[in-house]
Amino acid sequence: MGKTNKRWRANENETFYYITESGGVLNTTESFAEITDILFNYGNYFKTKESAKCTAKAIKEIFNINKYGK
């Protein structure tokens, strides 16, 4: 059988980072509420600020390609 990679998820009250709709990075604490489930399930959920910033940069580049056709 193949190895299963389990995604990291913060423990309750532990900090995680996410990308905002404007491309910024914010942190919040895990509460296992509906909103943190949505962020996690969508993949907008990061262990480090650096990881979230790197992904935000990549997303911005994709949008620029679509915007300018480059």
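Worth pointing out:
- Annotation: of all residues in the range 31-40 being over 23 Å from residue 61 (Cα atoms) and of a type outside the set (Asp, Glu), the one that is surrounded by the most Cβ atoms within 10 Å (Cβ to Cβ) is 36.
- The numbered conditions (1) assigned to a helix (DSSP H, G or I); (2) open to solvent by 90 Å² or more (accessible area, probe 1.4 Å) are all true for residue 4 except (1).
- In the range 37-50, the residues that are out of contact with any strand residue (DSSP E or B) (no Cβ under 7 Å at 6 or more places or on another chain) and part of a helix (DSSP H, G or I): 37, 38, 40, 41, 42, 50
- For the range 16-30, the candidate set comprises residues that are open to solvent by 60 Å² or more (accessible area, probe 1.4 Å) and touching a residue at least 12 places away in the same chain (Cβ under 8 Å); within that set, the residue that is nearest to residue 59 (Cα to Cα) is 27.
The values are calculated or read from the model by the stated rules, or taken from the named source; none is laboratory data. Quantities reported herein were computed from a predicted structural model and do not represent experimental measurements. All Cβ positions, glycine included, derive from the backbone under ideal geometry; neighbour counts span all protein chains shown. All accessible areas refer to the heavy atoms of the entire protein, side chains included, with ligands and DNA or RNA removed. Shrake-Rupley method; radii C 1.70, N 1.55, O 1.52, S 1.80 Å.
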